[in-house]
Amino acid sequence: MRPAQRIAQLRDRIRHHEECYYLHDSPEITDAEFDALMRELLDLEAAHPELVDPTSPTQRVGGRPAEGFATARHLVPMLSLDNAYDAADLRLFDERLARAAGLDAGSVVEYVTELKIDGLSLALTYERGALVRAVTRGDGVEGEDVTVNARVIRALPLRLRTDAPPAFVEIRGEVYLPHAAFTRMNADREEAGEPAFANPRNAASGAIRMLDSAAVARRGLRAFCYQIVLPVDAPPLVETHAATLEQLASWGCPVERHWQRCAGIAEVEAYCARWRETRRTLAFDTDGVVVKLDALALRDRVGTTAKFPRWATAFKFPPEQATTRLVTIAVNVGRTGAVTPYAVLEPVPLGGTTIQMATLHNEQEVARRDVREGDLVIIEKGGDIIPKVIGPVLEPDAPRADPWRMPTTCPFCESHLVRPPDEVIWRCENTSCPARIRRSLLHFASRRAMNIEGLGEVVVDQLVTSGLVGTFADLYRLDVEAVAALERMGALSASNLLKEIDKSRSVEFWRLLHALGIRHVGEGGARALAMAFGSMDRLRQAPAAELQSVPDIGAIVAASVRAFLEEPSNIALIADLAAAGVRMADADAGAGRIHRPLAGQTFVLTGTLPGMTREEATEALVTLGAKVAGSVSRKTSYVVVGADPGSKAEKARTLGIPELDEAGLRALIMARQAPP
């Protein structure tokens, strides 16, 4: 077979398997088989660069824009949708549409209902079947050109799956973040000392505008497509919206599968009522239902207003809300010094839980919502997850407190608060602030950091309040008598705690890096840095450019690491910890980067191993460079199966992924640990 033929064949097969995985969640081949196809294609394209095509699966990572994003105009304006909030609104919409379409009284209008994805609108331009541009909605007339980032969303085809593509077509859709990816992202941000995103929509919107497409790829964005837009003089491809969705799916575009044709508004109402109750079973956020006239010719007759199409409406699900009294507005100081306000509420049930506190995000948000202490307020669960204050319920003739203002000094250490000019968050920059120290010590002692059992909130509070501990290094100078004198401690508890602290002197180097609380450096970043440099001395000598060459370490993280390591107080702290006997290097750190024999391989654990805990197995694998994932996919290298395994084992067998029992896992670990 000629190289060009084999390359074309490989591209078709790879795209087919991408669709199976990203569009249908039903992979047909293993990770190893998929990687083999991709490697063969890469090798062929390297040997025949004249055959490289920008729509090849190997070209998904597009690089970095030089200076932000340019703007581009849409083929036709991207209009907003008018809203409906109940069955009466839906019936009024149906009546207006029938009149505008000139239909006889009693005519049954055919609609298509689709779940309204709570994400970011995107317009994708394909020329002769190849993706050439992706533009955000913007103001509806023009938006930001984010093509470089859209290309790394694996659900979107770089080339339409058809032998006869339109010469020019714009496909519109919604980019979103699945719940699992959102939860993982916020956990990473909180670990790195960054504010969590309020909801998946904000996270998706922020991700698509990142200037590093490799970072966008790691976010796990997905997309659904729902509309075909052709040039004004082009003949229509189909006659109905249902056929539009089927056409998109046939081209390999992701289409949300729960859409439905409805004969009349009563069926639309039933669809909306059903999904209002069952939407929480979905893997993504939906805030309503989009109702569209099915016949495209009738749409042209009905037309649009300046803002909305007359042939569509958005039925909005009501959010879960409750009303309660805002007792006071307090502020919290995190371990990075971020000072954020929160509402202390009279307890109120909401969404199956009792809510007593709710986020207020920042000073600007408090002012925008104009909530004050003593107000009766409406609260809801943002994205059905995070309690937040929506606004006040003004009571006639009831006096209100003065508008809330961010304190000018830290309530815990009385240091002057500052707000960097490019941020909305105020910060306490006193590294000796008791609140920062408490939060930092809890992080330092946590299981995924120095793993000091027994050093919880109560003990940390007493150690800081008594003046026994002011820095991490002070922990290693504690004596039994002083700790035993603390309330509810005693000699035995004090002795056990000091044994745990002493044990932490010899933890792995990545744990120390994670424990130090370097801004933007979570557990993953700490592991990556430890694998790359192996010791504090080599890390301190590494310039920012070398730090950025490490996988998962971008410019912001590299700058943060450099700033931390050059700060005099941190230099002194590291020296103090080293003097206290805390290990500053991995045992296998040599002159260069540490060899990790399982780097690039992914393991999944399921069931109970008789001779080792899940954490011990994870630690052994990660130490050798492997990634341990929580779910099975075609990218999984091995599944470790213990007693009473769950569905992961069955899925692994379906995908043909190799299995290991505990004996096999131990043998693999021992073989990789053996010297060459």
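The values are calculated or read from the model by the stated rules, or taken from the named source; none is laboratory data. For clarity, every value in this text was computed on a predicted model and none was experimentally measured. Please note: Cβ atoms are built from the backbone with ideal geometry, for glycine as well, and neighbour counts cover all protein chains shown.
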In region 547-555, is there at least one residue being at pLDDT 90 or above and either surrounded by 15 or more Cβ atoms within 10 Å (Cβ to Cβ) or assigned by TED's automatic domain parsing to the domain that holds residue 337 (or both)? yes
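Table: residues versus (1) farther than 18 Å from residue 226 by Cα; (2) without any contact (Cβ under 8 Å) to a residue 24 or more places away in the chain.
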residue: 259; (1), (2): no, no
residue: 262; (1), (2): no, no
residue: 265; (1), (2): yes, no
residue: 274; (1), (2): yes, yes
residue: 279; (1), (2): yes, no
residue: 288; (1), (2): no, no
residue: 296; (1), (2): no, no
When residue 331 is evaluated against the numbered criteria (1) within 30 Å of residue 112 (Cβ to Cβ); (2) surrounded by 14 or more Cβ atoms within 10 Å (Cβ to Cβ); (3) in contact with a strand residue (DSSP E or B) (Cβ under 8 Å, 6 or more places away or on another chain), which criterion, by number, is the only one it fails? (1)
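Could you please give the count of residues in region 311-340 that are among the hydroxyl-bearing types (Ser, Thr, Tyr) and touching a Leu at 6+ places or on another chain (Cβ under 7 Å)?
Qualifying residue count, region 311-340: 3.
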Among the numbered conditions (1) more than 30 Å from residue 539 (Cβ to Cβ); (2) buried (at least 17 other Cβ atoms within 10 Å of the Cβ); (3) modelled with pLDDT of 90 or more, tell me where residue 489 comes up short. (3)
Is there a residue being without any contact (Cβ under 8 Å) to a residue 60 or more places away in the chain, in a helix (DSSP H, G or I) and farther than 16 Å from residue 335 by Cβ anywhere in region 387-400? no
So if I check each of 283, 306, 270, which one is surrounded by fewer than 16 Cβ atoms within 10 Å (Cβ to Cβ) and over 35 Å from the mean Cα position of the chain (by Cα)? 306
Breaking point among (1) touching a helix residue (DSSP H, G or I) at 6+ places or on another chain (Cβ under 9 Å); (2) part of a strand (DSSP E or B), for residue 358: (1)
Can you give me the ranges of the helices (runs of 4 or more DSSP H) entirely in region 611-676 with at least 2 residues that are among the polar types (S, T, N, Q) and under 26 Å from residue 154 (Cβ atoms)? 647-655
Enumeration of residues in region 313-348 that are modelled with pLDDT under 85 and not in a loop (DSSP other than H, G, I, E, B): 321
Name the pairs: first residue in region 163-188 and hydroxyl-bearing (Ser, Thr, Tyr), second residue surrounded by fewer than 17 Cβ atoms within 10 Å (Cβ to Cβ) and assigned to a helix (DSSP H, G or I), Cβ to Cβ under 9 Å, at least 6 apart or on different chains? none
Where residues in region 401-429 are touching a Gly at 6+ places or on another chain (Cβ under 8 Å) and within 30 Å of residue 527 (Cβ to Cβ), which of them is modelled with the lowest pLDDT? 429
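Condition check ((1) in contact with a Phe, Trp or Tyr (Cβ under 8 Å, 6 or more places away or on another chain); (2) surrounded by 20 or more Cβ atoms within 10 Å (Cβ to Cβ); (3) within 21 Å of residue 582 (Cα to Cα)) across all residues:
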{"position": "396", "(1), (2), (3)": "no, no, no"}
{"position": "399", "(1), (2), (3)": "no, no, no"}
{"position": "438", "(1), (2), (3)": "no, yes, yes"}
{"position": "441", "(1), (2), (3)": "yes, yes, yes"}
{"position": "447", "(1), (2), (3)": "no, no, yes"}
{"position": "452", "(1), (2), (3)": "yes, yes, yes"}
{"position": "457", "(1), (2), (3)": "no, no, no"}
{"position": "469", "(1), (2), (3)": "no, yes, yes"}
From 457, 523, 567, which residue is free of Cβ contacts under 8 Å to residues at least 12 places away in the same chain, among the acidic types (Asp, Glu) and not assigned by TED's automatic domain parsing to the domain that holds residue 337? 567
Lone unmet requirement of (1) more than 30 Å from residue 470 (Cα to Cα); (2) crowded, with 18+ Cβ neighbours inside 10 Å; (3) at pLDDT below 90 for residue 351: (2)
